[in-house]
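Here's the structure we're looking at; comments come further down.
The values are calculated or read from the model by the stated rules, or taken from the named source; none is laboratory data. Remember, predicted model here, so these are calculated numbers, not experimental data. Ligands, DNA and RNA are stripped out before the accessible areas are found, and what is left, the full protein with its side chains, is counted by its heavy atoms. Shrake-Rupley method; radii C 1.70, N 1.55, O 1.52, S 1.80 Å.
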Amino acid sequence: MNNIETLIKAAMDAREQAHAPYSQFLVGCAVENADGALARGANMENACYRLGVCAEQSALAAAQIAFGLGNVARLAIVGGPLQAAEGTRGEPVMPCGGCRQAIMEAATLSGRDITIVCCDHTGQERVTTTIKALLPSSFTLPPA
Ligand SMILES: [Zn+2]
């Protein structure tokens with residue numbers, strides 16, 4: 001896997017591509033596999049609000065194509081308001097409930113937990129956790 005700073009930088013770069021004209025809250029996400037391959041995503045809002053896509057699900061879709069959902073090992077999330085004052089820090093952005101379920105899908109496929117590094121817009125305020133800690137007793141289907 002990559003150095004954690006590399007992963008967070010990838011999420012910060014992805015955040016630059018966010019399309020968030022309605023909330024003005026930009027989020028980027030970088031997903032990596034055990035070999036260090038990266039996939040990135042950013043939130044993508046829509047004039048029809050309910051069609052918006054979170055950065056995490058955007059990055060997971062890219063990871064699905066790049067190396068497969070079952071190979072997701074770790075991800076970093078970086079987010080905060082567009083107009084954050086220069087030199088200020090914020091609160092680490094945690095994945096929403098829907099994204100937790102989407103990340104759990106990857107964990108279920110791989111049979112292992114996934115580390116999640118949640119950061120503010122500067123990448124400096126961080127909470128490191130895992131999907132199993134964030135979503136205990138998750139919904140899963142029994143094996144077919
Ligand atoms: Zn979400």
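At 1.4 Å probe size, with every protein chain present, just tell me what the per residue accessible area of the chain comes to in Å².
Using a 1.4 Å probe on heavy atoms only, each residue of the chain averages 53 Å².
Residues with amide H under 5 Å of residue 26's amide H, sequence separation 5 or more or different chain, H placed in the peptide plane at 1.01 Å from N; which?
80, 82
Length gain on complete extension for the stretch residue 128 to residue 4, per 0.36 nm per residue less the alpha carbon to alpha carbon distance?
Values: separation 124, 0.36 × 124 = 44.64 nm, distance 1.08 nm.
Length gained between residue 128 and residue 4: 43.6 nm.
Can you give me the % of accessible surface on the chain that is carbon or sulfur? Probe 1.4 Å, all protein chains present, nothing else counted. If you can, show how the numbers build up before the last one.
Working: 4050 of 7580 Å².
The C+S portion of the solvent-accessible surface of the chain is 53 percent.
So if each residue of separation counts as 0.36 nm, and I subtract the Cα-Cα distance between residue 17 and residue 96, what length gain in nm does that give? The partial results should precede the final answer.
On the way: separation 79, 0.36 × 79 = 28.44 nm, distance 1.97 nm.
Roughly 26.5 nm would be gained on extension.
Ordering 113, 35 by how much accessible area each has at a 1.4 Å probe, largest first, what is the list?
Working: 113 55, 35 145 Å².
Largest to smallest exposure gives the sequence 35, 113.
Report for segment 23-144 the percent antiparallel among DSSP-assigned beta bridges with both residues inside it, nearest 5.
Just about 80 percent of them are antiparallel.
What percent do you get for the relative contact order of segment 4-134 when only Cα pairs under 8 Å and 6+ apart count? It would help to have the intermediate numbers written out before the result.
Details: 308 pairs, mean separation 29.5, N = 131.
For segment 4-134, the relative contact order is 23 percent.
I'd like the accessible area for residue 40: 1.4 Å probe, protein heavy atoms, all chains in place, Å² to the nearest 10.
About 120 Å², rounded to the nearest 10.
Apply the Karplus curve 6.51 cos²θ - 1.76 cosθ + 1.60, θ = phi - 60°, to the phi angles in segment 70-87 and return the couplings in whole Hz, x for Gly and Pro.
3J(HN,Hα) across segment 70-87, in whole Hz: x, 10, 5, 10, 7, 9, 10, 10, 10, x, x, x, 4, 9, 4, 5, 3, x.
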